[in-house]
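Read the structure below first, then the notes.
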Amino acid sequence: RHVERLAQAGIERVVINLSWLGPMIRDYLGDGSRYGVSIHYSEESPRALETAGGIFRALPTLSPGPFLVVNGDVLTDYPFERLRLGDSHDAHLVLVPNPPQHPDGDFGLQAGLAVPAAAERHTFSGIAVYRPELFAGCADGVFPLKPLLLRAMAAQRCGAEIYPGLWEDVGTPERLRALNG
């Protein structure tokens, strides 16, 4: 679904990080030509690199400018074509209302900027646009995204928006069954 929606949004080049079930994903999606995109793959084996580690490893495959990221384990109707990164930002996050499995959220929103603490917190959707500069000083390996986002927030370089539309985390077999049921 993501590949088709990214193509509809005018994105022509897609990079997919592969770890668990990687060969099956590659076999199913191929080179992307049937979707109207060019798909490139970034291997995370022998083990998953977490979000930031996976993105960092894929950086050489991505274009030199800002790039969109969408987690593969979400279902959404977010309009990818509207996602923008401010000139003074290294990241722009799409936040959503907190789902039942994550009632306390991740970040707040103040004057268009993501903040680590706020009276009202929202869940990071896994949809964002980043500049490669967000990953400055990183090295290949397993590492999470949150410390990089907190660094950008501290420098007021992390924009955000709240998306009230369809967004579901399908990161567990139970939640996937519930959506398919």
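The values are calculated or read from the model by the stated rules, or taken from the named source; none is laboratory data. Not measured: the values here are computed from a predicted model. Because the Cβ atoms are built from the backbone with ideal geometry, glycine has one as well, and the counts that use them run over all protein chains shown. Only protein heavy atoms, including side chains, enter the accessible area calculation; ligands, DNA and RNA are left aside. Shrake-Rupley method; radii C 1.70, N 1.55, O 1.52, S 1.80 Å.
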Exercise for the section: Could you tell me whether the stretch 11-23 includes any residue that is touching a residue at least 40 places away in the same chain (Cβ under 8 Å), touching an Asp or Glu at 6+ places or on another chain (Cβ under 6 Å), within 29 Å of I162 (Cα to Cα) and not β-branched (V, I, T)? Expected result: yes
Completion exercise
Every listed condition ((1) open to solvent by 10 Å² or more (accessible area, probe 1.4 Å); (2) at positive phi; (3) not in a loop (DSSP other than H, G, I, E, B)) holds for G126 save (1)
Fill in the blank from the handout: Taking the stretch 129-148 and keeping only residues that are aromatic (F, W, Y) and either open to solvent by less than 30 Å² (accessible area, probe 1.4 Å) or in contact with a strand residue (DSSP E or B) (Cβ under 6 Å, 6 or more places away or on another chain) (or both), one is left with Y130, F135
Problem - Where A117 falls short, out of the listed (1) touching a Leu at 6+ places or on another chain (Cβ under 9 Å); (2) in a loop (DSSP other than H, G, I, E, B); (3) over 30 Å from E12 (Cβ atoms) - result: (1)
Completion exercise
Checked pairs for the stretch 95-114, first closer than 17 Å to L149 by Cβ, second open to solvent by 60 Å² or more (accessible area, probe 1.4 Å) and of a type in the set (S, T, N, Q), C-beta under 7 Å and 6 or more apart or across chains, list as L113/Q156
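Surrounded by 11 or more Cβ atoms within 10 Å (Cβ to Cβ) and under 28 Å from L6 (Cβ atoms): does that describe P99?
Working: surrounded by 11 or more Cβ atoms within 10 Å (Cβ to Cβ): yes; under 28 Å from L6 (Cβ atoms): yes.
Yes: the conditions hold for P99.
Which one of L49, L93, L83 is more than 23 Å from R121 (Cα to Cα) and under 15 Å from the mean Cα position of the chain (by Cα)? First the steps, then the outcome.
On the way: L93 fails: more than 23 Å from R121 (Cα to Cα); L83 fails: more than 23 Å from R121 (Cα to Cα).
The conditions single out L49.
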